[in-house]
1. Order these by the 10 Å Cβ neighbour count, fewest first: 376, 328.
2. So how far, in whole Å, is the C-alpha centre of segment 345-400 from the one of segment 252-303?
3. Please compute the contact order of segment 160-225 in relative form: average sequence separation of alpha-carbon pairs under 8 Å and at least six residues apart, divided by the residue count, as a percent.
4. For segment 309-437, compute Rh as the Kirkwood radius over C-alpha pairs and then the Stokes-Einstein diffusion coefficient at 37 °C and 0.692 mPa s; write the answer in µm²/s, rounded to an integer.
5. For segment 379-485, list log₁₀ I(q)/I(0) at each q in 0.23 Å⁻¹, using the Debye formula over Cα point scatterers of equal strength and ignoring solvent, two decimals each.
6. Checking the a/c ratio against 1.5 first, then a/b against b/c, what shape does the Cα gyration tensor give for segment 67-130?
7. Would you mind calculating the relative contact order of the chain from Cα pairs under 8 angstrom and at least 6 residues apart, reporting the percent as a whole number?
8. Let a ≥ b ≥ c be the square roots of the eigenvalues of the Cα gyration tensor of segment 281-366; is it rounded (a/c under 1.5), or, if not, prolate (a/b larger than b/c) or oblate?
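Please treat every number below as a calculation from the coordinates, not as lab data. Model, not experiment: these values are computed from the prediction. Cβ coordinates were reconstructed from backbone atoms using ideal geometry, including for glycine residues, and neighbour counts include every protein chain displayed.
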Ligand SMILES: Cc1cc2nc3c(=O)[nH]c(=O)nc-3n(C[C@H](O)[C@H](O)[C@H](O)COP(=O)(O)OP(=O)(O)OC[C@H]3O[C@@H](n4cnc5c(N)ncnc54)[C@H](O)[C@@H]3O)c2cc1C
């Protein structure tokens with residue numbers, strides 16, 4: 001990214017820093033969003049990036065001994081929220097940098113050249129990302145084929161990676177790789193290496209740019225790796241590399257609510273205002289019961305996301321190991337990204353025909369938020385993992401579903417809300433995946449209800465809490481009814497045989 005030394009704001013007072021940052025983004029995105037050409041242009045201009053980065057938003061994810069603000073989750077989420085109030089792509093740029101590069105570097109980059117890297121982030125607006133996915137290995141990333149071998153302290157890494165956010169633009173990468181074995185096979189564990197694109201032997205060229213449909217400011221594509229890095233660039237796991245990767249990905253999933261928070265707040269504010277002002281038959285849209293229902297759903301999404309941010313602050317700091325917190329990480333990521341997509345759909349619908357303009361946040365949000373349901377674990381996979389983990393434990397403890405939920409630490413305080421429906425739920429680890437997906441969605445609803453309940457401890461609006469709990473009860477009820485009734489219908493082979501309607 002830009003190599004010039006940045007003009008910087010004083011960021012010692014965090015509230016002031018956020019207020020200045022928010023003001024800058026407001027002005028910048030009013031200009032950008034009113035110009036269709038800019039909205040569909042790929043990337044942000046150097047001038048726009050300089051205006052954004054002069055507030056040093058990424059200082060929140062840099063340790064204080066290196067001049068940063070010390071990686072406090074609350075501050076990281078606040079930066080993400082402030083950016084997402086104006087732009088999903090911008091918040092994703094910060095999400096990538098914070099959760100997928102700076103946090104793992106701070107925690108595991110024991111021997112990495114952190115001083116130089118942090119200096120470039122703080123003084124020159126540098127950017128970093130994470131390379132995991134490969135053309136043949138996306139959701140089954142652990143089978144990746146990018147490989148490394150080491151001779152005399154130099155590690156050679158070869159492979160292909162694709163769909164990395166900031167492809168061709170980032171200054172630094174964390175590259176995931178497996179060790180090449182002498183027998184030609186690959187080790188089971190995963191290693192992470194820091195690379196510096198400014199060093200020719202570490203440079204990772206973008207060999208094909210993808211035309212991403214949405215998230216225009218972010219560059220994606222196919223990256224070819226044939227690089228060499230000093231062994232000191234390898235991140236040092238506390239136990240295995242896979243646990244280090246899971247810790248990184250779980251912490252990242254727990255920071256998704258920061259990226260969703262501003263967007264959900266903006267959708268709620270703008271949609272409420274529109275519905276109040278839009279007259280149909282001489283009355284506002286709020287005359288319609290269904291519109292009221294949709295606005296209540298947006299308010300619940302806002303409340304759930306607030307509760308998730310609150311929970312994330314408690315459990316996802318870099319001082320904690322999140323590798324075993326899969327159920328919560330999956331719940332938070334899958335639920336909040338579904339909320340983003342649903343909110344974008346609702347906003348587009350309620351704005352009627354004007355919702356279909358590219359200048360409308362809702363219709364842009366549909367494409368911008370859609371990949372959040374796919375990357376860092378497709379949501380169906382995450383929901384089914386939630387249910388598999390619960391049913392495995394239930395079976396081990398010889399408990400029914402309702403007995404398990406009544407004693408499980410993440411649902412015990414709210415399980416009575418979901419009686420009697422959970423009393424009649426039967427579940428087993430060996431049931432079909434489609435049932436696990438539905439049960440996982442229901443379990444995640446209960447977990448989220450416990451987060452929402454805890455919001456009253458921070459004096460959050462009790463009416464919003466009550467409405468949201470009611471809405472979650474309804475949602476879990478619907479999901480469990482569907483779960484109980486689901487029959488297994490499989491696709492038909494050779495579906496084009498004898499299937500021409502016109503014959
Ligand atoms: C906008 C965007 C940004 C991205 N950013 C990054 C990045 O910064 N770094 C990076 O390394 N990668 C990134 N990715 C890649 C992303 O993580 C992968 O695309 C994702 O893991 C899915 O992999 P795949 O595309 O190979 O899909 P596949 O693995 O082929 O899966 C396709 C679909 O099959 C279904 N499916 C797959 N597995 C299961 C399962 N176990 N159970 C049920 N259903 C399943 C899901 O519906 C899934 O979406 C990004 C992708 C996109 C689109």
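1. 328, 376
2. 17 Å
3. Here the relative contact order equals 42 percent.
4. This corresponds to a translational diffusion coefficient of 193 µm²/s.
5. For segment 379-485, the Cα-only Debye profile gives -1.26.
6. In terms of gyration-tensor shape, prolate.
7. Rounded, it is 13 percent for the chain.
8. prolate
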